[in-house]
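FYI, it's all coordinate maths here, none of it is from the lab. As the structure is a prediction and not an experimental result, all values here were calculated from the model. Cβ sites come from the backbone with ideal geometry, for glycine too, and all protein chains shown count toward neighbours.
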Amino acid sequence: GAGVSQTPSNKVTEKGKYVELRCDPISGHTALYWYRQSLGQGPEFLIYFQGTGAADDSGLPNDRFFAVRPEGSVSTLKIQRTERGDSAVYLCASSPGTPGADTQYFGPGTRLTVL
Amino acid sequence: AQSVTQLDSHVSVSEGTPVLLRCNYSSSYSPSLFWYVQHPNKGLQLLLKYTSAATLVKGINGFEAEFKKSETSFHLTKPSAHMSDAAEYFCVVSDMAAGNKLTFGGGTRVLVKP
């Protein structure tokens, strides 16, 4: 079956611009996660959705970052006034969201470069 | 708060020899633990998962990991390395009290020499 997909695969933008990154989870998965992986580091948690609501956004670095999941499926991560330090690979993962089924399946990521 | 420490940032092995990747974790309760692999320019792939059913966990591609609660360790091993095992490996702990969000170790990059 289809896995988690993310678009675009690469995004180059200029400092100060607005960007949107999209994630399509595995069909039927109610839990969706965003992580950020900086060069040479492990991924770091940003935000978690259960259904349509953001259950935990404690990993968002500041108020320039925002994410939505309006219909409980596709999610969009939005970054305002981008800075060079936002350059990283943004990873999306989904899981069934049921007790005991906590394995997360990752998409290929979006590589964001802020010039 | 949970944390994961991967004790080696780089490991170099010869093809056909054993691989050992070391991981220690910190968790306030019985954790779910994972190993993921990331090949260059590819997504994260689950190797194996521990969820308290058995302390020795077998994964894909001949990898296995042993959970040792007394040592708070979850080391990953493979008896015989293959060239295709060259990749970055992440030890990961799941926070069940916070929607299963994952905390990753810093990663271990494996180089396999012919």
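Karplus-based coupling profile of the range A:51-61, in residue order and whole Hz: x, 8, x, 7, 7, 7, 10, 5, x, 5, x, with θ = phi - 60° in 6.51 cos²θ - 1.76 cosθ + 1.60 and x standing for Gly or Pro.
Within the range B:1-110, the trypsin sites (Lys or Arg not before Pro) that combine a DSSP coil assignment with at most 14 other C-beta atoms in a 10 angstrom radius are B:Lys42.
Per residue of peptide B:34-45, the mean number of Cβ atoms on other chains within 10 Å of the residue Cβ is 4. For the residue pairs B:Lys69/B:Lys113; B:Lys42/B:Lys78; B:Lys78/B:Lys101; A:Lys11/B:Lys49, the alpha carbons lie more than 29 Å apart in B:Lys69/B:Lys113; A:Lys11/B:Lys49.
How big is the Rg/Rh ratio for the protein assembly as shown, C-alpha atoms only, Rh by Kirkwood, two decimals? Rounded to two decimals, Rg over Rh is 0.97.
Note on chain B: with a GNM built from Cα contacts shorter than 10 Å, the maximum mean-square fluctuation among B:Gly16, B:Gly99, B:Gly62 falls on B:Gly99. Selection among A:Ser58, B:Ala87, A:Val114 by position relative to the dipole of the protein assembly as shown gives A:Val114 as farthest towards the positive end (Cβ unit charges, Cα centre).
Along the range B:80-90 the Karplus relation, 6.51 cos²θ - 1.76 cosθ + 1.60 evaluated at θ = phi - 60°, assigns HN-Hα couplings of 9, 6, 10, 4, 6, 7, 5, 5, 9, 10, 10 Hz to successive residues, with x for each Gly and Pro.
Annotation: amide H-H contacts under 5 Å for A:Lys17 (H modelled 1.01 Å from N, sequence separation of 5 or more, or interchain): A:Thr82. Per-residue shielding of A:104-115, expressed as the average number of other chain Cβ atoms within 10 Å of the residue Cβ, stands at 3. The rule of thumb for compact globular proteins, 2.2 N^0.38 Å, goes into the C-alpha radius of gyration of the range A:5-101 1.05 times.
Mean per-residue shielding of peptide A:33-46 is 4, counting Cβ atoms of other chains within 10 Å of each Cβ. The GNM of chain A, with springs linking C-alpha atoms under 10 angstrom apart, assigns the highest mean-square fluctuation among A:Gly42, A:Gly97, A:Gly59 to A:Gly42. Taking A:Val12, A:Val68, A:Val89 in turn, the Gaussian network model of chain A (Cα-Cα springs below 10 Å) assigns the largest fluctuation to A:Val12.
Can you tell me the FRET efficiency between A:Asn10 and A:Arg84 if r is taken as the Cβ-Cβ distance and R0 is 25 Å, rounded to the nearest 0.05? Computed FRET efficiency for A:Asn10 and A:Arg84 comes out at 0.95.
Orientation-averaged projection of the range B:58-99 equals 4.3 nm² [convex hull of Cα atoms, one quarter of hull surface area].
Spin-label pair A:Asp57-A:Thr30: with each label point 7 Å from Cα along the Cα-Cβ axis, the two points sit 2.2 nm from one another.
Per q in 0.10, 0.13, 0.21, 0.24 Å⁻¹, report the Debye log10 I(q)/I(0) for the range B:3-113, using one uniform scatterer on each alpha carbon and no solvent. Values returned for q = 0.10, 0.13, 0.21, 0.24 Å⁻¹ are -0.26, -0.44, -1.13, -1.44. For A:Val68 and B:Arg109, a Förster radius of 41 Å and the Cβ-Cβ distance give a FRET efficiency of 0.70, rounded to the nearest 0.05.
Full extension of the segment from B:Thr55 to B:Ala97, taken as 0.36 nm per residue of separation minus the current Cα-Cα distance, would add 12.9 nm.
A Cβ-based charge dipole, computed about the Cα centre of the protein assembly as shown with Lys and Arg at +1 and Asp and Glu at -1, lands at about 340 debye. For B:Leu48, the residues whose amide H sits under 5 Å from its own are B:Trp35, ignoring neighbours fewer than 5 places away on the same chain, with H placed 1.01 Å from N.
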